[in-house]
Amino acid sequence: MKSKGILFIVSAPSGAGKTTISKKITEIVDDIYHSISHTTRPPRPDEIDGKHYYFVSKAEFEEMIKREEFIEWASVHGNYYGTSVNNLDIVKNQKKDLLLVIDVQGAEQLRKKHKTGCYIFILPPSMKTLEKRLRARGADSDEEIRKRLKTAEEEIHHYKTYNYIIINDDIDDAVHQLKSIIFAERCRYPNFIPELPDLKL
Ligand code: 5GP
């Protein structure tokens, strides 16, 4: 199933499983490039600069905004996050689809520019489950978790503006659903322009 340069935008509240799901997708689906965002958030212990994010200072990020180097950016939980134009160049050059895992504000900005993108929202089965997952991963302080839950409550209402909704009750099911969406979009006219079979009698 070949890629068509489609923009897949995935949003979800923190702890809904979007990082795990999107990582698995890039392992099982060919020709899809997971963008690497810039952020001013400090790296978590297991995070590598240039792999999980490009970790930059606030001043560097603001310089990049001025130079119009982002296709979208937002301030989330008090830190900047943004997708640089380089990600678009990579998919153009490598003829891949692009997977962006970004917050609802970034998705809103892209929707205005790229109406043809495929917008997917991942929901947790409940807020209680979300809180449990955030605490279980042990990556954030109590205060940070409270901030993330508050943001989640606001973000969740945006699911109505997305094309597809996945409820992440079971990680394997959720991965399977996202893979199905990607494959379906690749077959959808007018995405489907490639080597059509010979249809002459
Ligand atoms: P985290 O700090 O947990 O890695 O990410 C916090 C939030 O920022 C998540 O909702 C994540 O999807 C979002 N995010 C990550 N990269 C970007 C980006 O490039 N742009 C925007 N708008 N949000 C991003």
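The values are calculated or read from the model by the stated rules, or taken from the named source; none is laboratory data. None of the values given here were measured: they were computed from a predicted structure. Counting neighbours? That spans all protein chains shown, and the Cβs are built from the backbone with ideal geometry, glycine included.
Values as computed for the structure displayed
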read-out: Subset of the range 46-68 (residues that are loosely packed, with under 12 Cβ neighbours inside 10 Å and more than 19 Å from Lys18 (Cβ to Cβ)); value: Asp49, Gly50, Ser57, Lys58, Ala59, Lys66, Arg67, Glu68
read-out: Single unsatisfied condition, Arg41 versus (1) outside any loop (DSSP other than H, G, I, E, B); (2) touching a strand residue (DSSP E or B) at 6+ places or on another chain (Cβ under 9 Å); value: (1)
read-out: Subset tally (residues that are in contact with an Asp or Glu (Cβ under 8 Å, 6 or more places away or on another chain) and farther than 17 Å from Arg44 by Cα) for the range 137-152; value: 1
read-out: Residues being under 15 Å from the mean Cα position of the chain (by Cα) and not β-branched (Val, Ile, Thr) - total across the range 87-113; value: 14
read-out: Unmet requirement for Ala16, which otherwise passes all of (1) in a helix (DSSP H, G or I); (2) surrounded by 19 or more Cβ atoms within 10 Å (Cβ to Cβ); (3) not basic (Lys, Arg); value: (1)
read-out: Residues located in the range 44-65, provided they are in a strand (DSSP E or B) and of a type outside the set (D, E, K, R); value: Tyr53, Tyr54, Phe55
read-out: Selection within the range 103-130 - part of a helix (DSSP H, G or I) and within 15 Å of the ligand (Cβ to nearest atom); value: Val104, Gln105, Gly106, Ala107, Glu108, Gln109, Leu110, Arg111, Lys112, Lys113, Leu130
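To keep it simple, each residue is scored yes or no on (1) touching a helix residue (DSSP H, G or I) at 6+ places or on another chain (Cβ under 7 Å); (2) within 12 Å of the ligand (Cβ to nearest atom); (3) at pLDDT below 95.
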position: Ser14; (1), (2), (3): yes, yes, yes
position: Thr19; (1), (2), (3): no, yes, yes
position: Ile25; (1), (2), (3): yes, no, no
position: Val29; (1), (2), (3): yes, no, no
position: Ile48; (1), (2), (3): no, no, no
position: Tyr53; (1), (2), (3): no, yes, no
position: Lys58; (1), (2), (3): no, no, no
position: Lys66; (1), (2), (3): no, no, no
position: Glu72; (1), (2), (3): yes, yes, no
